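J.: The structure's right below; bear with me while I get my questions together.
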Amino acid sequence: QVQLVESGGGLVQPGGSLRLSCAASGSTFSINGMDSMAWYRQAPGKERELVVGIRSNGNLNYADPVKGRFTVYRDNDKKTVTLQMNSLKPEDTGVYLCNARTRVDGKWVDYWGQGTQVTVSS
């Protein structure tokens with residue numbers, strides 16, 4: 001069983017920064033064992049969208065709206081994935097969710113955290 005817990009959300013003014021953390025746990029969980037880890041976000045009334053994905057080989061895939069402003073870090077030993085968000089904009093507001101994806105018996109399995117709220121407003 002894999003559990004993901006996000007933290008670090010809050011209210012910040014436009015132009016400010018926040019650091020989100022995703023802590024993973026599970027008796028057999030390892031970040032390297034996942035096909036990918038990712039941060040998604042969902043704004044009210046909108047579909048969930050990818051913010052950044054990290055493949056097991058370390059390749060990164062940032063969504064265009066966050067390129068140059070967000071940076072993701074992975075710590076395999078601590079089983080954490082951190083999202084550093086700078087130059088925040090009101091359109092970055094939403095619930096940010098951590099995702100881990102792996103294959104089990106040939107099928108994709110997604111694990112999700114409960115999410116952390118990020119509000120960018122003056």
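J.: Run the simple label-point estimate for Asp110 and Leu60 please: 7 Å along Cα→C-beta, distance reported in nm.
T.: 2.3
J.: If you don't mind, another one. What full-extension length gain, to one decimal in nm, is calculated for Arg48 and Arg103 as 0.36 nm per residue of separation minus the Cα-Cα distance?
T.: On the way: separation 55, 0.36 × 55 = 19.80 nm, distance 2.16 nm.
Contour length minus Cα-Cα distance gives 17.6 nm.
J.: Could you work out what % of the accessible surface of region 1-81 is carbon and sulfur, using a 1.4 angstrom probe and leaving DNA, RNA and ligands out of the count? Could you put the intermediate results ahead of the total?
T.: Numbers: 2060 of 4690 Å².
It is 44 percent, rounded to a whole number.
J.: Next question, about the same structure. Please work out how much accessible surface Ser56 shows to a 1.4 Å probe, ignoring ligands, DNA and RNA, in Å² rounded to 10.
T.: 50
J.: Over region 30-122, give the accessible area per residue in Å² for a 1.4 Å probe, as an integer. Can you show the working numbers first?
T.: Values: 5120 Å² over 93 residues.
Per residue, region 30-122 has an accessible area of 55 Å².
J.: For q values of 0.11, 0.13, 0.15 Å⁻¹, compute log₁₀ I(q)/I(0) with the Debye formula on a Cα-only model of the chain, without solvent.
T.: Evaluating at q = 0.11, 0.13, 0.15 Å⁻¹ gives log10 I(q)/I(0) of -0.34, -0.48, -0.63.
J.: Okay, moving on. To the nearest 20 Debye, how big is the dipole of region 1-88 about its Cα centre, given +1 on the beta carbon of each Lys and Arg and -1 on that of each Asp and Glu? Mind dumping the intermediate values first?
T.: Working: 10 positive and 7 negative charges, 27 e Å.
Dipole of region 1-88, to the nearest 20 debye: 120 debye.
J.: Given +1 on the Cβ of Lys and Arg, -1 on the Cβ of Asp and Glu, and no further charges, what dipole in debye does region 46-90 carry about its Cα centre, rounded to the nearest 20?
T.: Numbers: 9 positive and 5 negative charges, 11 e Å.
In total the dipole reaches around 60 debye.
J.: Something else now. What's the extension gain from Arg69 to Ser122 if we count 0.36 nm per residue and subtract their Cα-Cα distance?
T.: Details: separation 53, 0.36 × 53 = 19.08 nm, distance 1.89 nm.
Residue separation times 0.36 nm, minus the Cα-Cα distance, leaves 17.2 nm.
J.: Just want to confirm a number: the relative contact order over the chain, from Cα pairs under 8 angstrom separated by 6+ residues, in percent.
T.: Details: 286 pairs, mean separation 44.1, N = 122.
In percent, rounded to a whole number, it is 36.
The values are calculated or read from the model by the stated rules, or taken from the named source; none is laboratory data. Being a predicted model, the structure only gives us computed values, none of them experimental. Virtual Cβ from ideal backbone geometry, glycine too; neighbours counted across all protein chains shown. Quick note on the areas: whole protein, heavy atoms, side chains included, nothing else; ligands and nucleic acids left out. Shrake-Rupley method; radii C 1.70, N 1.55, O 1.52, S 1.80 Å.
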